[in-house]
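All remarks here apply to the structure that follows.
The values are calculated or read from the model by the stated rules, or taken from the named source; none is laboratory data. Just so it is clear, the structure is predicted and the values come from calculations on it, not from any experiment. Please note: Cβ atoms are built from the backbone with ideal geometry, for glycine as well, and neighbour counts cover all protein chains shown. Please note that ligands, DNA and RNA were not included when accessible areas were found on the heavy atoms of the full protein model with its side chains. Shrake-Rupley method; radii C 1.70, N 1.55, O 1.52, S 1.80 Å.
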Amino acid sequence: MSNNKDVWVVGHKNPDTDSICSAIAYANFKNLTSEGNYIPKKAGEINNETAFVLDYFGVDVPETAYSVGTQIKDVDIRHNKGIDSHMSLKKAWEMMSELDVVTLPIIDANDRVEGIIVNGDIAYSYMNVIDNRVLSRARTQYKNIIETLNGNMVCGNEHAYFVKGKVTVASGSIETIKSEIDEDDLIISGNIKERQLIALDQNPSCMIVCCATHIDDEVVDKAMSMEVVLISTEYDTFTTARLINQSMPVKYFMTKNNLVMFEENDYIDEVKDVVSRIRHRDFPVIDEQFKYVGMFSRRHLMGRGRKQIILVDHNEKSQAVDGIDEAEILEIIDHHKLGSLETITPIVFRNYPLGCTSTIIYKLYKSYNVPVGREMAGLMCSAILSDTLMFRSPTCTDLDKQMATELAAIADIDIEQYALSMFEAGSDFGEKSIEEIFYTDFKTFNSGDIKFGVSQVSAVTDNLLSQVKSEIAPAMKKAMQEKRLDLVFVMLTNIMDQRTRLIHIGDINMDYVKDSFPDSTFDGEDLVLNDVVSRKKQLIPGLMEAFIMQENN
C-alpha cells in the first residue's frame, strides 16, 4: 500500500502491555515493509507493568490518541501566507484574485493573527467611503500610494505616512485652489506648473502630479525646500482620484475584534456549528503557540479527510479510541472474538485464536524475514508473558510459548525471572488512586440487553488484592452510573495461584454464575474462581451463560 499520510497504530482504551507493545512492534514492522509513516499511539495511560517493560528495554512511551476524529489539520487547509497590515487594499485585492480566495489573514511580526479582510471589506471602501479625510485617518503610507498609482517618488520619504489633512483636487481658478487647499492636505494636480506652485504655497503634506513623466525643476526644488512629498503618475486626474483610496492599508478595514479562529487540533464536528453561523467563508487556523498556520473554509466540511488507523488487540467499538466512526480503519490485528466495529471498505483483518496479539505480529516478522532487534523482541515477549500470565492462562497456545521462547533468546532475558519482575511491577499500585487501579484494565461488554463492565486487577499476592477489595466499591458504583451499566464486575486475580476473586454490583443471581464455574466456591458474598485467570476465554463466556440461565428462569 502506498500512503503518504501518517497512519496511527493504536490499541484499546485502558491499554494493557499487549495493547501497547503490539502497537509499537507493528508500527515498526510496517515502517520496515511498507511506504508511509506508521506511528504507534496509546488510547489511555499505561499501567505500571507496561511502564516497567518500556523502561527495561529503553523504548519511549507512545503519545496518547485521545480521539481519532477528523481534526482541522487532517483536511487540506490552504497554507497561504498572511499579509502585513500595511498592505494596500489594491494589492490585497490583486492577491485575492491571484489566489482565488475571498479572505486574507493579517499577520503581525510574530506570526500572530491581527485580523482578517474579506473582499466585501474592500468593496465597501470603493463604494461607500466618501470621506475625503479617510486616507489620513487610515495612516496611509506613501509607498502604498506610489504602488497604487504606478507612480514615482520625486522627492520625500516613501516610507512616511499621510496622517493629517484631506485629499483635494487642485482644479478651477487660482482663488478656488487657494480657498480649497488647507495646510497638510494631499493635493492631486494636473501637470501645469503654475497650479502646482500655487498649491505648494498652501503648505500641503503631499502633491501628486498627474499625466507626468517629468516635473518642472522649479516645482521640485520648492517641494524639496518645503519638505513636501512629491509624486508623479502617468494616470490622469480622474483616474488618480478614483484609485487613490485603494492605497489605504488593509488594517483600517480589517475585522480585528471577536475574530473566529480555530486551532489545527480542533475537531471538525466541534467547529461545524460555529462555521455555519458565521458569515465568513474562511477562518484562520492557528497552532498551539497561537501562530498562524493557514485558512480553513466551509468547503472543507464537504470533503473532509479522515485519520487512517490500524487497530491492534481489539475489534470492539466500545473499547476503541474515541472518534472511531470518523476514522478510516486500514487493518485490524486481534486475538479476541469478533466485535461490533464496521468498516466502509474491505480491510486486512488478521484474527487468530492465540493468547496474544504480539504472537501474531511476530509471525509476520518471521514470514517477511524482517529482522527483530532486542527492543522489539523484548516488547513482544513481554506482551505474550503478560497476556498468558507466563503461560498459565487457558488462552495460551503452544505457538505462544514457542514465540515467547524465541523472542526471549533475542532479548536476552530469563523468562521466569523477568516475568516475575514484570508482574511485581504491575502489582505495585504505588500512589495510584483506587479509581486509577479500577480503570487500569477495564472493558465493557454486551449480552442481549445487558451492558456490563469487567475490571481485572492482577497481583502476585493476596494481601495486595485484599487492600484493593476493601476500597474499590465506590469506583464500581461510579463507573456503573457514568457508563450506564447494568452490572460491574471486578476480577481480583492472583497470578501465581491462578485464582480469581469475583466481586460485583448490580442485579444478578450469583448462584447462576457459580453454576457456570463448577470449581468455584463462595467466600461470603464473593465468588472465588479456581483456575480462572482469563477474562476473555474463561470469565466472559461463563457470565454470558449465567445471563441466559437467569433470563430463562
Kindly provide the set of residues from the stretch 374-420 that are open to solvent by 10 Å² or more (accessible area, probe 1.4 Å) and either among the acidic types (Asp, Glu) or in contact with a Pro (Cβ under 6 Å, 6 or more places away or on another chain) (or both), ordered by number.
-> Glu375, Asp387, Asp398, Glu406, Asp412, Asp414, Glu416
Test: Arg277 is modelled with pLDDT under 85, within 30 Å of Ile130 (Cβ to Cβ) and among the basic types (Lys, Arg) = no
Answer yes or no: is there a residue in the stretch 15-26 that is in a loop (DSSP other than H, G, I, E, B) and open to solvent by less than 40 Å² (accessible area, probe 1.4 Å).
-> yes
Residue check, Gly430 open to solvent by less than 70 Å² (accessible area, probe 1.4 Å), in contact (Cβ under 8 Å) with a residue 24 or more places away in the chain and at positive phi | yes
Do we have any residue at all in the stretch 30-39 that's under 19 Å from Cys356 (Cβ atoms), of a type in the set (Gly, Ala, Ser) and either in contact (Cβ under 8 Å) with a residue 60 or more places away in the chain or out of contact with any Leu (no Cβ under 6 Å at 6 or more places or on another chain) (or both)?
-> no
Between residues in the stretch 378-396 that are farther than 15 Å from Phe423 by Cβ and residues that are modelled with pLDDT under 95 and part of a helix (DSSP H, G or I), which pairs lie under 8 Å by C-beta distance while being six or more apart or on different chains?
-> Pro394/Lys537; Pro394/Gln538; Thr395/Asp387; Thr395/Lys536; Thr395/Lys537
Do you know which residues across the stretch 153-172 are under 49 Å from the mean Cα position of the chain (by Cα) and of a type outside the set (A, V, I, L, M)?
-> Asn157, Glu158, His159, Tyr161, Phe162, Lys164
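Can you work out which of the residues in the stretch 433-448 that are of a type in the set (S, T, N, Q) and in a strand (DSSP E or B) is surrounded by the fewest Cβ atoms within 10 Å (Cβ to Cβ)?
Checked the stretch 433-448; the qualifying residue surrounded by the fewest Cβ atoms within 10 Å (Cβ to Cβ) is Asn446.
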Of the residues in the stretch 127-141, those that are out of contact with any Lys or Arg (no Cβ under 9 Å at 6 or more places or on another chain) and open to solvent by 10 Å² or more (accessible area, probe 1.4 Å) come to Met127, Asn128, Val129, Ile130, Arg137, Gln141
Residue hits (the stretch 68-92; modelled with pLDDT under 90 and either part of a strand (DSSP E or B) or under 30 Å from Ile106 (Cβ atoms) (or both)) are Thr70, Gln71, Ile72, Lys73, Asp74, Val75, Asp76, Ile77, Arg78, His79, Asn80, Lys81
Answer yes if at least one residue in the stretch 505-520 is open to solvent by less than 60 Å² (accessible area, probe 1.4 Å), closer than 16 Å to Lys443 by Cα and of a type in the set (A, V, I, L, M), and no otherwise.
-> yes
Hey, Ile174 hits all of (1) open to solvent by 80 Å² or more (accessible area, probe 1.4 Å); (2) in contact (Cβ under 8 Å) with a residue 40 or more places away in the chain; (3) of a type in the set (A, V, I, L, M) but one; which does it fall short on?
-> (2)
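In the stretch 190-300, which helices (runs of 4 or more DSSP H) lie fully inside it and hold 2 or more residues that are free of Cβ contacts under 8 Å to residues at least 60 places away in the same chain and of a type in the set (Ser, Thr, Tyr)?
No helices (runs of 4 or more DSSP H) qualify here.
Report whether or not Lys451 is assigned to a strand (DSSP E or B), in contact (Cβ under 8 Å) with a residue 12 or more places away in the chain and surrounded by fewer than 18 Cβ atoms within 10 Å (Cβ to Cβ). Working first, answer last.
Values: assigned to a strand (DSSP E or B): yes; in contact (Cβ under 8 Å) with a residue 12 or more places away in the chain: yes; surrounded by fewer than 18 Cβ atoms within 10 Å (Cβ to Cβ): yes.
Answer is yes for this residue.
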Condition broken by Lys337, with the remaining ones in (1) closer than 30 Å to Ile384 by Cα; (2) free of Cβ contacts under 8 Å to residues at least 60 places away in the same chain; (3) open to solvent by 80 Å² or more (accessible area, probe 1.4 Å); (4) in a loop (DSSP other than H, G, I, E, B) satisfied = (2)
Taking Met403 as the residue in question, decide whether it is in a helix (DSSP H, G or I) and modelled with pLDDT of 90 or more.
-> yes
